[in-house]
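The values are calculated or read from the model by the stated rules, or taken from the named source; none is laboratory data. Bear in mind the structure is a predicted one, so any value in this text is a computation, not a measurement. Backbone-built Cβ (ideal geometry, glycine too); neighbour counts: all protein chains shown. Just the protein is used for accessible areas: all its heavy atoms, side chains included, with ligands, DNA and RNA removed. Shrake-Rupley method; radii C 1.70, N 1.55, O 1.52, S 1.80 Å.
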Amino acid sequence: MNSINDYNFKGKKALDAGCGGGRYTVALKKLGFAEVVGCDGSSEAIGIAKQRATQAKIEGVRYVQT
């Protein structure tokens, strides 16, 4: 890991604006955020992001097309 103090994220929410395929949305959740919302203007990107979270068996992540 990157010497990031992940205890700073426990119980907090994060927004991944312009999330694209959701790679960093999933990473934020793995860092310890309680809830992460990824948003992107592309419906195709949101579909890919949802698949990524499902394949990673990540809960507490949701995606919104904006």
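Summary table below
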| quantity | calculated |
| --- | --- |
| Any pair with Cβ under 6 angstrom, 6 or more apart, that starts in the range 35-49 at a residue that is closer than 8 Å to G22 by Cα and ends at one that is of a type outside the set (V, I, T) and in a strand (DSSP E or B) | G38/D16; G38/Y63; I46/D40; I46/Y63; I46/Q65; A49/G38; A49/Y63 |
| Of residues in the range 55-66 being open to solvent by less than 100 Å² (accessible area, probe 1.4 Å) and among the β-branched types (V, I, T), the one modelled with the lowest pLDDT | I58 |
| Per-region count, the range 16-46, residues assigned to a helix (DSSP H, G or I), open to solvent by less than 30 Å² (accessible area, probe 1.4 Å) and not β-branched (V, I, T) | 2 |
| Scan of the range 35-51 for residues that are of a type outside the set (A, V, I, L, M) and over 10 Å from the mean Cα position of the chain (by Cα), ordered by number | D40, G41, S42, S43, E44, G47, Q51 |
| Filtered residues of the range 16-34 (kept if within 8 Å of the chain's Cα centre (by Cα) and either over 12 Å from Y63 (Cβ atoms) or of a type in the set (K, R) (or both)) | R23, Y24, A27, L28, K29 |
